[in-house]
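Asks: My structure is below; once you've seen it, I'll send some questions.
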Amino acid sequence: MSIKQIDHGTAAYLKMVNLRDNVLRKPLGLTYSHDELVAEKDDILIVCTDDDDVIGCCILTQINNETVRLRQMAVPNNLHGKGIGASIMNFAEKLAKNKGYIYITMHARDNAIGFYEKCGYKIKGQQFTEVNLPHHEMEKVL
């Protein structure tokens, strides 16, 4: 298992999009638009691989000079509990800190709040609906 930053448009990126689609979008009857994927070209793209298979990922999107937003965190359900998500979070946080960010924020699906709380994130504000699911904004100081 290895975790690394990848470039937009590469074979690894296409595998990442496929994983995100299978884990985050298809179960909700949603798909990615061309514009959504093009908009990721300036984001920090992170994947966890096992051999050539992408088994986890996340995206960091700059909000401002101090804050980056974690998005599209995905690990297949059959691999939950194996430390993949925690390893990706650790890598993403170190990378963000090394790039000078102070805060990581996210829109966490309510069913994932416990995982993020174990990683040190705190809920900010009230519940809201996004992609037809309950979410909370969460934040961590790096």
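The values are calculated or read from the model by the stated rules, or taken from the named source; none is laboratory data. Note that the structure is predicted; figures quoted are calculated from it, not measured. Cβ atoms come from the backbone with ideal geometry, glycine included; neighbour counts cover every protein chain shown.
Asks: Suppose the filter is touching a residue at least 40 places away in the same chain (Cβ under 8 Å), outside any strand (DSSP E or B) and either within 29 Å of THR129 (Cβ to Cβ) or of a type in the set (Gly, Ala, Ser) (or both); does ASN64 pass it? Give the derivation first.
Replies: Numbers: touching a residue at least 40 places away in the same chain (Cβ under 8 Å): no; outside any strand (DSSP E or B): yes; either within 29 Å of THR129 (Cβ to Cβ) or of a type in the set (Gly, Ala, Ser) (or both): yes.
Answer is no for this residue.
Asks: Moving to a separate point now. For region 77-118, enumerate the residues that are at pLDDT 95 or above and assigned to a loop (DSSP other than H, G, I, E, B).
Replies: LYS99, GLY100, TYR101, ILE102
Asks: For region 120-134, what are the residues that are part of a strand (DSSP E or B) and farther than 21 Å from GLU93 by Cα?
Replies: Here is the first cut: in region 120-134, the residues part of a strand (DSSP E or B) are 122-130, 133-134.
Across region 120-134, the qualifying residues are GLY125, GLN126, GLN127, PHE128, THR129, GLU130, LEU133, PRO134.
Asks: Looking at region 76-92, is at least one residue touching an Asp or Glu at 6+ places or on another chain (Cβ under 6 Å) and within 22 Å of VAL47 (Cβ to Cβ)? Reasoning before the result, please.
Replies: Within region 76-92, the first condition is being touching an Asp or Glu at 6+ places or on another chain (Cβ under 6 Å), and the residues that meet it are none.
No, there is no match, as no residue in region 76-92 is touching an Asp or Glu at 6+ places or on another chain (Cβ under 6 Å) and within 22 Å of VAL47 (Cβ to Cβ).
Asks: Do we have any residue at all in region 126-136 that's modelled with pLDDT of 95 or more and of a type in the set (A, V, I, L, M)?
Replies: No, region 126-136 has no match at all.
Asks: In addition: Going through region 1-34 one residue at a time, which ones are of a type in the set (A, V, I, L, M), farther than 19 Å from ILE88 by Cβ and not in a loop (DSSP other than H, G, I, E, B)? Explain how you work it out, then say what you get.
Replies: Going residue by residue through region 1-34, those that are of a type in the set (A, V, I, L, M) are 1, 3, 6, 11-12, 14, 16-17, 19, 23-24, 28, 30.
Add one more test, that the residue is farther than 19 Å from ILE88 by Cβ, and what stays is 11, 28, 30.
Within region 1-34, ALA11, LEU28 qualify.
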